[in-house]
Every structure is written in C-alpha cells, then in structure tokens.
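Asks: Here's a structure for you.
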Amino acid sequence: MSTRGGNFFDKWIAEHLPNAMTDDPVAVSDLVDEMMKAAGQEGIPASEIDEEVDSAFEVIFEAMLHREGSLPEADQALWDLLAARLAREAASRETKPAN
C-alpha cells in the first residue's frame, strides 16, 4: 500500500474539487489526467494512487455527482472511505509544524 499516493490523492481532491463543477465524464477524465500529471510532478507514479483507490475516475466522478445530495446506500461505502481519508488528511495537517 502506498500512503504517499493516498495522501496525495486526498489532498488533491480537497484542493481541486471544490473549484470544479461538472457531471460530464470527459471533463472528469480531464480532472483525473490533471491529478495524475500533478502526482507525477511530485514524483508519485500513478501506480501508487491506484494502490489506494480502485478507480480515481470513479471516486472523482461520484464526488462531482453527489457533492450536495444524499447518497444511495450502494455508494455509502465509497463515501465512507473518501470521508475517512479526508479526515486523516485534515488531522495530519493539524499536527504538522508550520514551515
């Protein structure tokens, strides 16, 4: 498992999804490409992110579709996973010393 890949994915979503509004699969695919390119620039190969999530596209697409509504029961496990990761990211930011 790659904690580094998961942490990058969580941070990128937290920073970029609030600014993006779309339900277009092509636009979401572009967001995934942008995220993977940013990961590569940080020295994180796509394989490290793929170890953490089954599908970055699916997680981002579902986040865009359900950003303000309630979730169907079938999607609850995915959202619980994402919420836990975002909570870990927020907690780690609180415990890191300022530069």
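Asks: Output the residues belonging to region 9-43 that are over 14 Å from the mean Cα position of the chain (by Cα), aliphatic (A, V, I, L, M) and modelled with pLDDT of 80 or more.
Replies: Once the filter is applied, which keeps residues that are over 14 Å from the mean Cα position of the chain (by Cα), aliphatic (A, V, I, L, M) and modelled with pLDDT of 80 or more, region 9-43 yields Val26, Ala27.
Asks: Can you tell me which residues in region 45-94 are of a type in the set (Lys, Arg), more than 19 Å from Met35 (Cα to Cα) and modelled with pLDDT under 65?
Replies: Residues of region 45-94 that are of a type in the set (Lys, Arg), as a first pass: 67, 85, 88, 93.
Still in the list and also more than 19 Å from Met35 (Cα to Cα): 88, 93.
Within region 45-94, Arg93 is the sole residue that qualifies.
Asks: If I ask for residues that are open to solvent by 60 Å² or more (accessible area, probe 1.4 Å) and within 14 Å of the chain's Cα centre (by Cα), which ones from region 44-59 would you list?
Replies: Once the filter is applied, which keeps residues that are open to solvent by 60 Å² or more (accessible area, probe 1.4 Å) and within 14 Å of the chain's Cα centre (by Cα), region 44-59 yields Asp50, Glu51, Asp54, Phe57, Glu58.
The values are calculated or read from the model by the stated rules, or taken from the named source; none is laboratory data. Please read all numbers here as calculations on a predicted model, not as lab measurements. The protein model used for the area step is the full one, side chains on, heavy atoms only, and it has no ligands, DNA or RNA in it. Shrake-Rupley method; radii C 1.70, N 1.55, O 1.52, S 1.80 Å.
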